[in-house]
Structures are given as structure tokens and as C-alpha cells.
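Accompanying notes for the structure given below.
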């Protein structure tokens, strides 16, 4: 039986970098492996031989480090064509010496296959071959795999420092035209430094991540803070399906937080296109079957992403307008970054069972002079998510759910998570353009940050589960529907009379609270604080120049006598104590025995004074 002698082929095709690069013809389209797997020895050789070339088109993805060939002194030899604008190529793109193609990462394989973007030569890195003649692409597969499949001439930089990774990484020596041996350390990156604002945003993001969820994280301070937070909270069975596998994802696996056991696709495996990180990370993924590095056709396909249950895709962006359009990719006429896989993961997460797409951003520019939540996006800003795809927007001031909401509610929700310094002008602009009611209120100027810790689910009799959270101004329509759905007796007990209407100008006082002097807590059916079926509401209002507050609460008729009112009162008592409120009082109709009973069960001594048909209940906290 014939046995293929791969060793002979491998030895025969080993050449110097200059000899391999010297076979490239002027006018060729050359794809260069990107990220931390860039073949620097081959890049340097090509740059050093620049005078031999004319009009070489260098095609690349996200490239880190120095790229000498992008300098203007080489423009007659090389013209770069990139899908992602990193620091090494930004100046060349802005000066018109390099080309940028906006494209979703999942679209790149078809562009190569159809030769809409032809690939003549591919430069990339490999591990040395194993005993069967197979090499691994290591930490960078992504779009490099597709460039390799469609290139006519393939030059591999063989590097013993490259980790052997699992996934779709294998290349047989017979498939490579030239091998250049180079024992060079791989480029490394440091974990982004976590600042205070990123930490606050991360706290809010992690509240949307359930145990068993699968994550897409970027490579930024917010993502690093989210990973650290999940470890601190000892979360369970988190999955990883993302473009980048980084040090903080490794830390999640080492801590037992990311087990990948409940994903739905590639169970038991962390899946990514590439690794960005430290030597420790590269050692971790080396021969580790729990981490798979795959092509973008497998990682970024929205249909595949959607196969992960509870897929949560989180991306850091630059701007959001009041309709829910999301911008990044460019500021004015200057481009930076790229679309990448964010739109792919947005679509995949939206189609996933119980999936979520979250855009996260600081509320202001780094110097604090501009709001990142805007009436209109900056001229020329690149829209990476249109208003129809909007889901969650999170800043350090709160979280806004936009999906399924009209422009009016979106505008209100986004204004309320903007920096307080910009809320007045945003509201004025929204009124000018008729996005909101002309009498729409802003939250009181002394509003505190939305109290996330008050979001909690509770179980009641008959297996009922209710999720509670503080009210938001964008809840106006839901609260209005709840009140209109009450029976006449309940309305009479709560409002001490018949209710003819509950128009906007009245109901907005229930939802525009400052979470300090005033607080409204609502209960939603089910285990999600994002539900729309409201079953209960309780609120308190501190009286001016007093440390005492009036309290009231009501439960939908079909859910009364299950303990919900008692739960709300206890929650309001705990919260009011935190705010320095010393006592509650309530005016209750004599015949409203249920509410009187709830006060009696509060566990606090109460004083009841009867005045005609009503009684005044008072108690210290």
C-alpha cells in the first residue's frame, strides 16, 4: 500500500522568506493573516523587498502592531485593503492611501469564494507538522482559513511558538506551497484596564446574563469587567461563543464559571475565531480540547449563533440616538474599527431562544463634554444597528429595553439613562421634534442612579412567580393599562373614589420618581423583570421637610390574597430605611380590611387613628 511521504514535501518546500516572497508577482492580491497570529517575518520580508513590487494589494482583517508597509513611502508598491481599521492602518485610510470595506464578518467567506475579492496569495502562520503531516493554524483561523482555501499561492510561516489548537485549524503540508521557518515569539496584548464607568456598566450588563447563558464579549474594558463580575458572583455554566478568546475568558474557565455545558452548539467547548492575549493564554489553549478556534463561517453565521440557547451578545459602541440607532465604525468622515461580527451576533442573539443583544456605552465622551446618547447621530456616524434591530442599551446610569417599543417610549427610556447633565437638552430636543408629549416630565433633578439591586423575583402561593423592579419613566403605558384593568372596588379602595380617566398627565407622576424621595415598585408576572403583564404596584412619597413618607400599594384583583402586597410593603420598608426615612403613614378606607391586615403583618408597631370613613395608619421604620 502506497504511503504518502509528507516529510519529503515539507523539507523540499522549506525556503527563505526572501525566496518565498520573491515569487509574488506585482499586481497580486495578498491576504495577510491578522491579529496576534500575523506572520511578521513574512510581512517584514515583503516590506524589505518593496522596490521589486508595484501595485500589490494587501488584504487584511484586524491587524495589531506596527505595519511598515502602510507607510506613505511604500504607496507605489503596496496599497492596503482592510475590513477593520486598527491603529496601524488608520492614518493610511484617513489619508486615502488605503481602502476600507465595510462588511459583516460572516459575509467575507462568500466574497472570497465568489472572487468578488480575489485572493492570489495568502501569508499566514502554522505550527510545525505533527507525525501525520498536519499543522495547526493556532490562534488565528477566522477569515484566514477562507483566504487560504481560495488562494493560488500559499506561504506559511512555521513557528514553534504557535499553540496547537482544536477546531477547524488543520492544514496538511501538501496544501502549502512554501514554508518559512521562523522561531519568533507571538505578539501579546494586555487585558484592557477596567475604569470606574466600565465597572458600573458591567454590573448592569451582568444582571441580564442568566446561569447557562452563552456569551459574546468584545475586547474592551467593559467586557473584561463583565467577565470579572461573573467570576466574583460565582455564576454557573456560562458558555463562550465569540470572535475573540481572551485572558478574561480563560479566567472564567479556570474559575469554573464558563463550563459551556448548556450552550446548544459546540457543547463543552469555548468557541472563537482567534485569540488575543498573553503568553499564559496561548499556553492555556495549546492542545486544550475545551477551546476550539474556528472559521468565521462557523463562528459568525447568525443561524449557528442562534443555536446557542440564551445567547447574550454584548458590544461596546460609540453613540445611540433617541430612536435606537446605534453608531460606531466612524466619527464624521473619519473611519475607525469596523463592522466586524457585531451585526452577525446581534441577529443571532435575537433569534436565539431567550437571547439578548446588548449595546453598552459610557453616557459621555471621555472628557465629559458630549453626550453619547443623542437626538441625532453625528453627521457621518456609521450605523451598525438600525432602529428596527434595537434591543437593550446600557450606560452607567441604567438600562433601557427598546425592543417592541414606540419612538416615544424609546426616547424617554434613553433620556433617562443619559448623563443627568444632558437630560434637559435631550428632552427639549425630543419635544421640539414631537418624539414625546409636550408636557413630558423629566425625573426630578435630584434623581439617584436606578437601583438595580431592587430587581428581584419572588415565589408566592399556588406556584406564582412575580418579578419586582423599580418603575421607569418608559413604563407609563404599562402602568396606565394596569390601573385601567383594576375592578371598580379596587380603584375605589386605592384612590378613595371613582376614577374616570388616568391620562398621561396624571399617570406620569407615578413613573417619574427620583428613587430617593419618591419610589415606585412594580410587580411583573413571571421570572423576568422585562415582562409586560403587571400585577402589582407600591409607592412611597416623602413629605417635604420630613423624614416620614406616605405609602400605598395595590395588587391586581385576580392576584390578591397571595402575599404580594405584604412582599411589596416589606421591600419598600427596607429601601426607605436605606434612604434615611424614619416612618411610613397611609390613609386607608375603613372597609379596606385587606390593606389594614397587611400593615398589621408588617412586624412593626402601628398606630391607627380613625377619622370618619378613613383611618390613618402610622408606624416607625
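The values are calculated or read from the model by the stated rules, or taken from the named source; none is laboratory data. Values in this document were obtained by computation on a predicted structure and should not be read as measured data. So basically every Cβ, Gly included, is an ideal-geometry build from the backbone, and we count neighbours across all protein chains shown.
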Scan segment 276-299 and tell me whether some residue there is under 20 Å from residue 85 (Cα atoms), at pLDDT 90 or above and within 16 Å of the chain's Cα centre (by Cα). no
Taking segment 493-514 on its own, how many of its residues are assigned to a loop (DSSP other than H, G, I, E, B) and modelled with pLDDT of 85 or more? 3
Within segment 337-345, is even one residue assigned to a strand (DSSP E or B), farther than 19 Å from residue 102 by Cα, touching a helix residue (DSSP H, G or I) at 6+ places or on another chain (Cβ under 8 Å) and in contact (Cβ under 8 Å) with a residue 24 or more places away in the chain? no
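May I ask you to verify whether residue 510 is in contact with a strand residue (DSSP E or B) (Cβ under 7 Å, 6 or more places away or on another chain) and without any contact (Cβ under 8 Å) to a residue 60 or more places away in the chain?
Yes.
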Just to check your reading of the model, which residue among 400, 411 is within 19 Å of residue 431 (Cα to Cα) and surrounded by 24 or more Cβ atoms within 10 Å (Cβ to Cβ)? 411
Given (1) in contact with a strand residue (DSSP E or B) (Cβ under 7 Å, 6 or more places away or on another chain); (2) in contact (Cβ under 8 Å) with a residue 40 or more places away in the chain, number of the condition residue 481 does not satisfy: (1)
Residue 34 versus (1) within 30 Å of residue 302 (Cβ to Cβ); (2) surrounded by fewer than 22 Cβ atoms within 10 Å (Cβ to Cβ); (3) in contact with a helix residue (DSSP H, G or I) (Cβ under 8 Å, 6 or more places away or on another chain): which is the lone unmet condition? (2)
